[in-house]
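S.K.: Right, I'll just put the structure down here and ask away after.
The values are calculated or read from the model by the stated rules, or taken from the named source; none is laboratory data. Just so you know, these numbers come straight off a predicted model, no measurement behind them. No Cβ is skipped: glycine too gets one built from the backbone with ideal geometry, and neighbour counts run over all protein chains shown.
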Amino acid sequence: MGTITCAPVWPPSGRSGPHSYTMFSPPLDTSPKIARDFVASVLWSLDLAHVLDVARLCVSELVTNSLLHAPCGGSLLWLDVRTVCVRMHVYDASPAAPVPRRGVRASAEHGRGLVLVDALADRWGTEPGGPVGFGGVGGKGVWCEIRTR
């Protein structure tokens, strides 16, 4: 009689299908670091270490922007690992769309985040609304994509 095993195979064979992961980020100063570590853990586990540094930097900037500009309710990170790219969405309750600031001085503490995301990610954008509990129709999502191939 053969043995039946219920243990999952990891990493998923061929990474052929999409994989989704979510994480709530409370409005705390530690949230960007925790989001970086979360994304790094997922990508490392899926053998996507070659995009890890760019993904960590981009998610850190998106979560930091949410923390600075929509600090009341925290944010929701949705990491969508597809066959050809990693897409990271950060939703919050603020309806205000982010605006990249060009020409920020090197000594400035803020203002370069979206410029970095624009330079490093293959695509990025915003979308109105968000999941229930994170702004719904009044909030927004900011996302970026990084090609994995």
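S.K.: Among the residues in the range 114-134, are any modelled with pLDDT of 80 or more, under 16 Å from residue 32 (Cβ atoms) and surrounded by fewer than 16 Cβ atoms within 10 Å (Cβ to Cβ)? First the steps, then the outcome.
M.R.: Our first condition is that a residue be modelled with pLDDT of 80 or more; within the range 114-134, this holds for 114-129.
Filter again for under 16 Å from residue 32 (Cβ atoms), leaving 114, 116-117, 120.
Filter once more, so that each one left must be surrounded by fewer than 16 Cβ atoms within 10 Å (Cβ to Cβ): 116.
Scanning the range 114-134 turns up at least one residue that is modelled with pLDDT of 80 or more, under 16 Å from residue 32 (Cβ atoms) and surrounded by fewer than 16 Cβ atoms within 10 Å (Cβ to Cβ).
S.K.: Go through the range 28-70 residue by residue and tally those that are closer than 16 Å to residue 143 by Cβ and of a type in the set (Gly, Ala, Ser).
M.R.: Number satisfying all stated conditions: 5.
S.K.: Next question. Could you check the range 45-97 and list, in sequence order, the residues that are β-branched (Val, Ile, Thr), closer than 21 Å to residue 115 by Cβ and in contact with a strand residue (DSSP E or B) (Cβ under 6 Å, 6 or more places away or on another chain)?
M.R.: The initial filter retains those residues of the range 45-97 that are β-branched (Val, Ile, Thr), namely 51, 54, 59, 63-64, 81, 83-84, 86, 90.
Applying the additional criterion that residues be closer than 21 Å to residue 115 by Cβ yields 51, 54, 59, 63-64, 86, 90.
Correct list: 51, 54, 59, 63, 86, 90.
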